[in-house]
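Below: the structure, in structure tokens.
The values are calculated or read from the model by the stated rules, or taken from the named source; none is laboratory data. It should be emphasised that the depicted structure is a prediction, and the values quoted were computed from it without experimental measurement. Here the Cβ is made from the backbone with ideal geometry for all residues, glycine too, and neighbour counts use every protein chain on show.
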Amino acid sequence: MTDTGTVRIVILGGGFGGAYLAQSLQKYAGSHNLEIIIIDRNNFFVFYPLLVEAGTGSIEPRHCTVPIRDFARKSDLLMAEVKGLDLEEKSVRYRLIGDDQDRSIDYDHLVIALGSVTRILPENIVSGVREHAFEMKHMTDAVAVRDRSIELLELANATTDPVERKRLLHFIIVGGNVTGIEVVGELESFVRDATIMYRNLRREDCTFTVVELAPTILGILPEHLHQWAHRQLTKRGIQIYNGISVNEVHVDHVVTSEEKKIPCSTVIWTAGIAPNPILRQFDGLPLNKFGGLDCEGDYAAKGLENVWGLGDCACVPCPDGKPMPPLAQIAIRQAPQLAGNIVATIRGEATKPADVHVQGILVPLGRHRGVASLKGMRMEGFIAWAMWRAIYLLKTPGWRRRFRVAMDWFINLFCKRDYVQLGMIPASHREFHGQHHTGRSNEELGDSQQEA
């Protein structure tokens, strides 16, 4: 304990796991004299289920961005990057964003909830991903893909070569998991609907391809649901390649594991996630072969005292021995269990084993269609899509934010989306290939296309 008798709990990471843990601990703060401190480089977390819709303009981006200070009001926030851990002295070294010096803070209990990153394989396995592909992990990623799409529509509209136009408007999504299918479903709707604004473009000029190494897309769902989703997407002209992978990503094409060259201009990489690699920089943490924090069945880090793991970066076994999957719904329900175990440790009582299972999987496919497997119920079509919206509207943090999201959806019933760049994300600019046949000089094209 600190000199004042306060029990200080430091939470590394303010994403789903960290923020919901802080909120769960708040109800114990007064009775147990808890001081709850969150360290995160952002003062917000993104409500990820709505991320893709925010990117394509179905809802305003700020409406799925949750301020940590408002969400966990009885906690303190240090907007900082973690630079090191001293597990023996029980201290965390950090650097405030915008500062140039390191500081340290002592803790009584440390929770590591640093989340995950997009899994990008080494260059000798898959090359060019970091240089040429987009991710879909943060709000900046979603907005960057939106800006990129509009940029390509503008360029394709001014291009006279039909082959080049087709390449410019070919989007490849690597990964047929929940995120990848949600991305292709929404993006196909957004881009093809936007062609009405361009005199020289047709809906058929836009093509979309999903590349998935597994035998099927959405393998987490029951067979008839992922088959139904496959049929719906292919009816919309979306190409799906199963059982192959992408080995190379280039400026103007990808090369598959079958050595097939596919021309394109945009690759979105959604092929899984991995624990935050920063964990490997901290000495003394028990990590598994994937780089995740190895935990006991009660969330305690193996071999460490008063150090806990939570969320995507932690490998926590269920009573059956299987590790909990890295899903947002899991992290949210882990939080109150871990809060109870931390308080039990403070009281000198026994902790309880973790027991969180997937309650269901809901996947929107775009165009008012979806698939859902929820507590034994299996649905597809409009009903599944409507259930997805209803459930995640109720799960959206805060009544004011729920109202704003609901109003965004209601307005979209009567008003089309704005097919315009937000112009805030430099990452939307990737190198274009070759000399485009627009019939105009670079000077006439303007600065933005010269920079691209």
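Observations, loosely collected:
- Of the strands (runs of 3 or more DSSP E) entirely within the stretch 290-389, those holding at least 1 residues that are hydroxyl-bearing (Ser, Thr, Tyr) and either out of contact with any Ser or Thr (no Cβ under 7 Å at 6 or more places or on another chain) or modelled with pLDDT of 95 or more (or both) occupy 369-374.
Yes/no per residue for (1) of a type in the set (D, E, K, R); (2) touching a Pro at 6+ places or on another chain (Cβ under 9 Å); (3) within 30 Å of Asn124 (Cα to Cα):
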position	(1), (2), (3)
Leu153	no, no, no
Thr159	no, no, no
Ala214	no, no, yes
Pro222	no, no, no
Ile238	no, no, yes
Val254	no, yes, yes
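- Residues (within 20 Å of Ala113 (Cα to Cα) and surrounded by fewer than 24 Cβ atoms within 10 Å (Cβ to Cβ)) located in the stretch 1-26: Val7, Arg8, Gln23, Ser24, Gln26
- Taken over the stretch 341-369, the criterion of being acidic (Asp, Glu) and surrounded by 21 or more Cβ atoms within 10 Å (Cβ to Cβ) is satisfied by no residue.
- Residue in the stretch 330-340 that is surrounded by fewer than 18 Cβ atoms within 10 Å (Cβ to Cβ), within 30 Å of Leu153 (Cα to Cα) and touching a helix residue (DSSP H, G or I) at 6+ places or on another chain (Cβ under 8 Å) present: no
Listed here are the residues, each with its yes/no results for (1) under 30 Å from Val420 (Cβ atoms); (2) of a type in the set (Phe, Trp, Tyr); (3) modelled with pLDDT of 95 or more; (4) in contact with a Cys (Cβ under 8 Å, 6 or more places away or on another chain).
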| position | (1), (2), (3), (4) |
| --- | --- |
| Ser24 | no, no, yes, no |
| Ile59 | yes, no, no, no |
| Lys74 | no, no, no, no |
| Lys83 | no, no, yes, no |
| Asp100 | no, no, no, no |
| Ser104 | no, no, yes, no |
| Leu121 | no, no, no, no |
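- Single residue of the stretch 3-34 satisfying the filter (part of a helix (DSSP H, G or I) and among the small types (Gly, Ala, Ser)) that is nearest to the chain's Cα centre (by Cα): Gly17
- Leading residue by the ranking (surrounded by the most Cβ atoms within 10 Å (Cβ to Cβ)) among those in the stretch 295-328 that are out of contact with any Phe, Trp or Tyr (no Cβ under 9 Å at 6 or more places or on another chain) and over 28 Å from Asp283 (Cβ atoms): Leu327
- Number of the exception - Gly311 against (1) over 30 Å from Val143 (Cα atoms); (2) out of contact with any strand residue (DSSP E or B) (no Cβ under 7 Å at 6 or more places or on another chain); (3) not polar (S, T, N, Q): (1)
- Subset of the stretch 186-216 that is surrounded by fewer than 18 Cβ atoms within 10 Å (Cβ to Cβ) and among the polar types (S, T, N, Q) - its residue that is farthest from Arg146 (Cα to Cα): Thr216
- Hits in the stretch 114-139 - residues which are among the aliphatic types (A, V, I, L, M) and within 23 Å of Cys264 (Cβ to Cβ): Ile120, Leu121, Ile125, Val126, Val129, Ala133, Met136
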